[in-house]
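We did not get these values from a lab; they are worked out from the coordinates using the rules stated. Since this is a predicted model, take the numbers as computed values, not measurements. Here the Cβ positions follow ideal geometry from the backbone for every residue, glycine too, while neighbour counts run over all protein chains shown.
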Amino acid sequence: MTTDYKYLFKILVLGDCGVGKSCLLMRFSDGRFTGKYLCTVGVDFKVRTVEVAGQVVKLQIWDTAGEERFKSVLPSYYRGAHGILLVYDTTSASSFQGIDGWLEEIRNNCPDRVNVLLVGNKCDDLEHRQVSQQQAAHYADYRALAFREASAKSGANVNHVFAALAVAIFNRLVATPPAPSRMLGGQDKRDEVPEEKEKSPALARKIRLEDHGRLRSKHVKSCC
């Protein structure tokens, strides 16, 4: 039996093929990592619950394929999204250069406001790094994006990036306006994934409440 929840946040994980989207999600949802290349075919999803300000929040996280041939199936999955992890590979300059294209996709498919967190994966691989943290931070500041680096392999900051995005969504939709009894992000009941199809058990993570009802996630630890 899954844990009851008050809020449902739909999160998409976007980025070029091979940047480690599936590995980040596997590390967060299952606490595992595989060095084998995993190519997502179409769209996959995981579910995990977190505790935000004493409220149980279900994160419904959609792992999307980065290959061009699968992009035609993505528009329907943007509907009702609350947040997006936009992932690039710190060892691949081309994946970082592709961020502009993904932001355009988001603008075209998410007419409503959505929280976007830019994530540089594989930050543990210093030997092959092609995108500096300073370069990415400057770009994120220019684009008005939140930014973090993480490593699915070592686990550094993986929980934090998902928690930070959940906190940002909570601040925007719950802490500021009056909160509904259950937020479905513009989705109808029929848009929810059936409980029996959820692939991972609910896990709990507490996030502190600070600053007059707004939230902050825990500090980021060093990635390397």
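Cross-link pairs exceeding 22 Å in C-alpha to C-alpha distance, out of Lys21/Lys122; Lys6/Lys153; Lys58/Lys153; Lys6/Lys122; Lys10/Lys122; Lys58/Lys122, comprise Lys6/Lys153; Lys58/Lys153; Lys6/Lys122; Lys10/Lys122; Lys58/Lys122.
Taken along the Cα-to-beta-carbon direction at a fixed 7 Å, the label points for Ser94 and Gln55 span 4.3 nm.
Around the amide H of Val131, modelled in the peptide plane, lie the amide H atoms of Ser92, all under 5 Å away and 5 or more residues distant in sequence or on another chain.
Remark on Phe147: its backbone amide H falls under 5 Å from those of Leu118, a criterion applied only to residues 5 or more positions apart or on other chains, H modelled at 1.01 Å from N.
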